[in-house]
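Pasting a structure below so you can have a look.
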Amino acid sequence: MRKPMLRLISLVVCILFLQACGSDPKSPWGFRLPDGDAVKGQALFVELQCNACHTIAELELAAPAQRGPVAVVLGGPVARVKTYGDLVSSVINPSHKLIFNYPEEDIARDGESLMRIYNETMTVQQLIDLVAFLQPQYKVSLPQYSYYTFKY
């Protein structure tokens, strides 16, 4: 009785393991762009006038020719790592996830981001360089908790 049960458990574990290996065709698994040039990315940020609507925490950039409706702050302390995929998605599909702490009318219309879509004008290398500039601007800062001990 023990051997058949052990075989059954082993079979179930193998099936579960093999199912976990399968991936959705839209999975980001294995996606990796080459390293970019952060200096070129910063220059591109200004050239594309991203600084009209975005500021970078703790970084002074050239003033834009014209300001956008709201200054969305990029970088600075965050509670979780801004992954490469997060930043690439934000640039190429800004409506994917709208920022939550700004009034929606300032950043979107009918659920679509007001951010200009650069997909047909930005090269892949420019995207790589832009993300190389943006990613180090974020600093993971976990919340500090105070613990109190109570005496009875």
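The values are calculated or read from the model by the stated rules, or taken from the named source; none is laboratory data. As the structure is a computational prediction, the values presented were derived from the model and not from experiment. As a convention, Cβ positions derive from the backbone with ideal geometry for all residues, glycine included, and neighbour counts pool all protein chains shown. Heavy atoms of the whole protein, side chains included, go into the accessibility calculation; ligands, DNA and RNA do not. Shrake-Rupley method; radii C 1.70, N 1.55, O 1.52, S 1.80 Å.
Scanning for something touching a residue at least 12 places away in the same chain (Cβ under 8 Å) and out of contact with any strand residue (DSSP E or B) (no Cβ under 7 Å at 6 or more places or on another chain), does region 137-144 turn up at least one residue?
Going residue by residue through region 137-144, those that are touching a residue at least 12 places away in the same chain (Cβ under 8 Å) are 137-143.
Now drop any that are not out of contact with any strand residue (DSSP E or B) (no Cβ under 7 Å at 6 or more places or on another chain), which leaves 142-143.
For region 137-144, residues touching a residue at least 12 places away in the same chain (Cβ under 8 Å) and out of contact with any strand residue (DSSP E or B) (no Cβ under 7 Å at 6 or more places or on another chain): present.
Out of 81, 73, I need the residue that is open to solvent by 40 Å² or more (accessible area, probe 1.4 Å) and touching a His at 6+ places or on another chain (Cβ under 9 Å). Which one? Spell out the reasoning first.
On the way: 81 fails: touching a His at 6+ places or on another chain (Cβ under 9 Å).
Being open to solvent by 40 Å² or more (accessible area, probe 1.4 Å) and touching a His at 6+ places or on another chain (Cβ under 9 Å) holds for just one of 81, 73, which is 73.
Considering every residue within region 89-107, establish whether at least one is surrounded by 11 or more Cβ atoms within 10 Å (Cβ to Cβ), closer than 24 Å to residue 43 by Cβ, small (Gly, Ala, Ser) and touching a helix residue (DSSP H, G or I) at 6+ places or on another chain (Cβ under 6 Å).
No, every residue in region 89-107 fails to be surrounded by 11 or more Cβ atoms within 10 Å (Cβ to Cβ), closer than 24 Å to residue 43 by Cβ, small (Gly, Ala, Ser) and touching a helix residue (DSSP H, G or I) at 6+ places or on another chain (Cβ under 6 Å).
Next question, about the same structure. Here are some conditions: (1) under 18 Å from residue 56 (Cβ atoms); (2) without any contact (Cβ under 8 Å) to a residue 40 or more places away in the chain. Residue 91 meets all but one. Which one does it not meet?
Unmet for residue 91, out of (1) under 18 Å from residue 56 (Cβ atoms); (2) without any contact (Cβ under 8 Å) to a residue 40 or more places away in the chain: (2).
Among the helices (runs of 4 or more DSSP H) confined wholly to region 63-152, which include 2 or more residues that are polar (S, T, N, Q) and more than 13 Å from the chain's Cα centre (by Cα)?
Details: elements: 84-92, 104-107, 124-134.
Answer list for region 63-152: 124-134.
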